[in-house]
């Protein structure tokens, strides 16, 4: 038999509860209370989720505005408007080791060891063609540097222009013993890399075979490579005279 519990001072008295056959008033009351608590918990959780979803999709302010060093003014989306592109140095904050563009656009460049010196804008050819920004890593102790191209595109709005995951422009050696190499802009809003390999069989005078690989720039990536032979068995002295850009370490000289 169930009982109602009454506390009268220090004495506990059990009084039989008035129930109908088959009723369990105390258990039903506890279940009703538990159900109420669960309902309140669900409502609180739902209201909390609602507050999170209200702010999850809201655009964040450009917390990195004005930080870093301006390395270029470029038209990254081809709309005719030049915008500052900035590079920040090493650090632990959210804006460190980044290439920044207006609107909160940022690209993580940690590990590239980029420098601000020598940064240039590469103007792709063609109406409405966007600009690219060329930066370089710290010079190599033995002479040379690794160029990096950046442009608008990708999930973050700014991306490094790569071919098969590698920088589209090879390492530029300036120690005097490297094979000829340079990069240019194409007529179709793309880029091309010209490289030389020693002609075979070797002759009395060093000679080079020249190859040109052209890329389309799509969403910030170098795609659709097309390789062709420019010249074969060109003597080194003649090539240095006719195409000095292959040996002086300059790239995209015709795009600035």
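The values are calculated or read from the model by the stated rules, or taken from the named source; none is laboratory data. Bear in mind that the values here come from a model prediction, so they are computed numbers and not experimental data. Cβ placement follows ideal geometry from the backbone for every residue including glycine, while neighbour counts extend to all protein chains displayed.
Being closer than 25 Å to residue 85 by Cβ and modelled with pLDDT of 90 or more narrows it down to one of 195, 182, so name that one.
182
I'm trying to understand the selection: among the residues of segment 144-167, which are in contact (Cβ under 8 Å) with a residue 24 or more places away in the chain, more than 16 Å from residue 114 (Cα to Cα) and either over 23 Å from the mean Cα position of the chain (by Cα) or part of a loop (DSSP other than H, G, I, E, B) (or both)?
Across segment 144-167, the qualifying residues are 153, 154, 156, 157.
Taking the condition without any contact (Cβ under 8 Å) to a residue 40 or more places away in the chain, in contact with a strand residue (DSSP E or B) (Cβ under 7 Å, 6 or more places away or on another chain) and in the same structural domain as residue 115 (by TED's automatic domain parsing), does residue 131 pass?
no
Just name the residue that is surrounded by the fewest Cβ atoms within 10 Å (Cβ to Cβ) out of those in segment 90-110 that are over 12 Å from residue 65 (Cβ atoms) and at pLDDT 90 or above.
Top of the filtered list is 110.
Considering only segment 174-195, I want to know if a residue exists there that is assigned to a strand (DSSP E or B) and under 13 Å from the mean Cα position of the chain (by Cα).
no
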